[in-house]
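To start, the structure itself, in structure tokens.
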């Protein structure tokens, strides 16, 4: 019953986020939670290892339509910021590495995908809708949050991320 209720709530949240692209909002929460997860190759990535870089942390799942819709724009964002101190960490929620790998091959993305198989990161980051994204500055502070999907390479979003880059060091 708990899983059914959770599925209904997530579906409602997803339907809302599909209806319109959203914009990055200044983050009003507390400190940046820790993040240490394995990628598809089994290598551990810690958010703290990315200090000096602007990082987009995106919580998603391959079964989530808005998550799927924004993936190509995330790849375009990565390409537009190539050579700058910018990283995408896409955190998949609870799917097997095989499922995630198969999906990533269909959308042709090459940014880092991390696996949160036990939902620990989901809880510590207080993610309640998919997709949920955070933009972290070079000092490790969350500067922007977004609950729902967007086109990551739109001018306004790109400008907000670019504005954080001068404070980052390669």
Open item on the list: Filter segment 32-42 down to the residues that are more than 18 Å from residue 94 (Cβ to Cβ) and either touching a strand residue (DSSP E or B) at 6+ places or on another chain (Cβ under 8 Å) or surrounded by 10 or more Cβ atoms within 10 Å (Cβ to Cβ) (or both) and list them by number.
Closed with: 32, 34
- [ ] Kindly establish whether residue 96 is farther than 18 Å from residue 149 by Cβ and touching a strand residue (DSSP E or B) at 6+ places or on another chain (Cβ under 7 Å).
- [x] no
Open item on the list: Checking the structure you have, find out if any residue of segment 59-75 is under 24 Å from residue 140 (Cβ atoms), without any contact (Cβ under 8 Å) to a residue 60 or more places away in the chain and in contact with a strand residue (DSSP E or B) (Cβ under 8 Å, 6 or more places away or on another chain).
Closed with: no
- [ ] Within segment 84-102, count every residue that is over 16 Å from the mean Cα position of the chain (by Cα), in contact (Cβ under 8 Å) with a residue 40 or more places away in the chain and either surrounded by 18 or more Cβ atoms within 10 Å (Cβ to Cβ) or not in a helix (DSSP H, G or I) (or both).
- [x] 2
- [ ] Test each condition in (1) out of contact with any helix residue (DSSP H, G or I) (no Cβ under 6 Å at 6 or more places or on another chain); (2) under 19 Å from residue 90 (Cα atoms); (3) surrounded by fewer than 20 Cβ atoms within 10 Å (Cβ to Cβ); (4) modelled with pLDDT of 50 or more for residue 10 and report the one that comes out false.
- [x] (4)
Task: Residues of segment 18-31 satisfying the condition of being at pLDDT below 90, within 21 Å of residue 67 (Cα to Cα) and in contact with a strand residue (DSSP E or B) (Cβ under 7 Å, 6 or more places away or on another chain) - done: 22
TODO: Filter segment 139-161 for residues that are part of a helix (DSSP H, G or I) and either touching a helix residue (DSSP H, G or I) at 6+ places or on another chain (Cβ under 7 Å) or without any contact (Cβ under 8 Å) to a residue 24 or more places away in the chain (or both) and give the result.
DONE: 155, 158, 159
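The values are calculated or read from the model by the stated rules, or taken from the named source; none is laboratory data. Values in this document were obtained by computation on a predicted structure and should not be read as measured data. Backbone-built Cβ (ideal geometry, glycine too); neighbour counts: all protein chains shown.
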